[in-house]
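Working notes for the structure below.
Rule-based calculations on the coordinates, nothing more; no lab input. These numbers were taken from a predicted model, which means no experiment stands behind them. In this analysis, Cβ positions are derived from the backbone assuming ideal geometry, glycine residues included, and neighbour counts consider all displayed protein chains.
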Amino acid sequence: MTQRGCPLLGANYSEATRERDEAQTSHQPEIAVSIVQLDTSVYVTTPFGKARCDFLWEHNDELWWGCWQDQTGEIWWWPNPLVRLTLDISDGRYKVTAITLPPGMKAALTPHVARYEGVELVERG
């Protein structure tokens, strides 16, 4: 058994440990993940208000938006059905449809709402 140093796992990461780790993970299917940084930011409305989107993430055939929330500067990943292009009268968008959360999501987001002014979460019922 040889001892090899691993910058991430430390100097005690042995050949036997590596073989055990490989055996445990070899049966797991690979998941294709693709994150794209947009050339130009897209301004959107999310359940927490206005945001700037700089990233798109395709995960299991679902599109997610990486959005910097205007009020807090936090980044949140929102699924496609919860993102709307921001109102833009010069582009002909005079209204934005309401965002309703899927059942159960409101309870998960409620602890975070306190950081956002004027946000009211609406859940599909």
Practice prompt. Please go through the range 60-125 and write out the trypsin sites (Lys or Arg not before Pro) that DSSP classes as loop and that have at most 15 other C-beta atoms within 10 Å.
Written response: Lys95, Arg115, Arg124
Discussion item. Between Glu120 and Asp61, how high is the FRET efficiency from 1/(1 + (r/R0)^6) when r is the Cβ-Cβ distance and R₀ = 30 Å? Nearest 0.05.
Written reply: 0.45
Worksheet item: Given a Förster distance of 22 angstrom, what is the FRET efficiency for Ser34 paired with His112, based on the Cβ-Cβ distance and rounded to 0.05?
Response: 0.25
Discussion item. Could you give the length gained by full extension between Trp77 and Ser90, i.e. 0.36 nm per residue of separation minus their alpha carbon distance, to one decimal place?
Written reply: 1.9 nm
Worksheet item: Any idea how far apart Asp70 and Ile99 come out in nm if each label point goes 7 Å out from Cα toward Cβ?
Response: 1.2
Discussion item. Given N residues in the range 31-81, what is its alpha carbon radius of gyration divided by 2.2 N^0.38 Å?
Written reply: 1.10
